[in-house]
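**Q** Take a look at this one; I'll ask things after.
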Amino acid sequence: MSDNEFIAGSRLYPLAESIEREESVFPLRSMRRLVCPVCGHENAHLGRPKFHEGDDSGEAGWGGRGDLVEVPVEGECVHNWSVCFGFHKGDVVSFVKVAVEVVEGNGMVYDLEDWLTARGEVDA
Ligand SMILES: [Zn+2]
């Protein structure tokens with residue numbers, strides 16, 4: 001993998017878009033749920049984190065030269081995404097990568113952009 005292959009064709013969101021804004025229901029006030037960055041759904045399931053070697057040459061494919069940690073998340077809505085941390089020479093970059101394929105409960109598969117357009121939720 002090289003250059004921007006990891007993020008190519010994906011929709012990216014700032015990590016803040018995936019962090020619940022309301023006060024936490026958890027015992028510690030600083031804890032916040034991850035929410036779907038696309039629709040805000042609160043329930044999701046974590047997958048096993050993946051480590052992508054960047055080899056100081058962009059091999060992780062996230063657009064930077066260093067390594068990448070990817071935490072897959074499967075939403076109970078219709079969206080799947082990954083919380084990602086790229087790092088290189090002391091800079092840590094966070095972003096959320098959303099899968100471009102949306103599979104609804106009836107088995108219909110949509111392109112994410114088409115799914116958003118159909119709901120009038122496309123932003124710039
Ligand atoms: Zn969603």
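Readers should treat all values here as calculations from the given coordinates under stated rules, not as data from a laboratory. Predicted, not measured: the structure shown is a model, and the values here were computed from it. Note: ideal-geometry Cβ built from the backbone for every residue, glycine included; neighbour counts use all protein chains shown.
**Q** Quick one: what are the phi-derived ³J(HN,Hα) couplings along the stretch 74-82, Karplus 6.51/-1.76/1.60 with θ = phi - 60°, whole Hz, x for glycine and proline?
**A** For the stretch 74-82, the Karplus-derived couplings read 10, x, 7, 7, 10, 10, 10, 8, 10 Hz, x marking Gly and Pro.
**Q** Output the relative contact order of the stretch 49-114, whole-number percent, from Cα pairs under 8 angstrom with separation of 6+ residues.
**A** Relative contact order here is 21 percent.
**Q** Can I get the semi-axes of the chain's equivalent ellipsoid? Compute them from the C-alpha gyration tensor as square roots of 5 times the eigenvalues, in angstrom, largest first.
**A** So the equivalent ellipsoid measures 25, 20, 12 Å along its semi-axes.
**Q** Would you kindly state how much longer the chain becomes between Val25 and Glu42 on full extension, computed as 0.36 nm times their sequence separation minus their alpha carbon distance, in nm to one decimal? Intermediate results must be reported in sequence, preceding the final value.
**A** Working: separation 17, 0.36 × 17 = 6.12 nm, distance 1.18 nm.
Computed gain between Val25 and Glu42 is 4.9 nm.
**Q** Continuing with this model, one more query. So, in Å, what gap is there between the alpha-carbon centers of the stretch 32-65 and the stretch 76-101?
**A** First find each Cα centre; the distance between them is then 3 Å.
**Q** Place a point 7 Å from the Cα of Glu76 along the Cα-to-Cβ direction; which residues of the stretch 26-46 have their backbone N under 18 Å from it?
**A** Those under the cut-off are 26-27, 32-46.
**Q** If you don't mind, another one. Report the residue, chosen from Val78, Val92, Val102, that carries the largest GNM mean-square fluctuation when the chain is represented by alpha-carbon nodes joined by springs under 10 Å.
**A** Val92
**Q** Provide the FRET efficiency to the nearest 0.05 for the Arg119-Asp91 pair, computing r from the beta carbons and using R0 = 25 Å.
**A** According to the calculation, E is roughly 0.10.
**Q** At a threshold of 8 angstrom on Cα-Cα distance, excluding pairs fewer than six apart, so keeping six or more, what relative contact order does the chain reach in percent?
**A** Numbers: 256 pairs, mean separation 27.3, N = 124.
Across the chain, relative contact order equals 22 percent.
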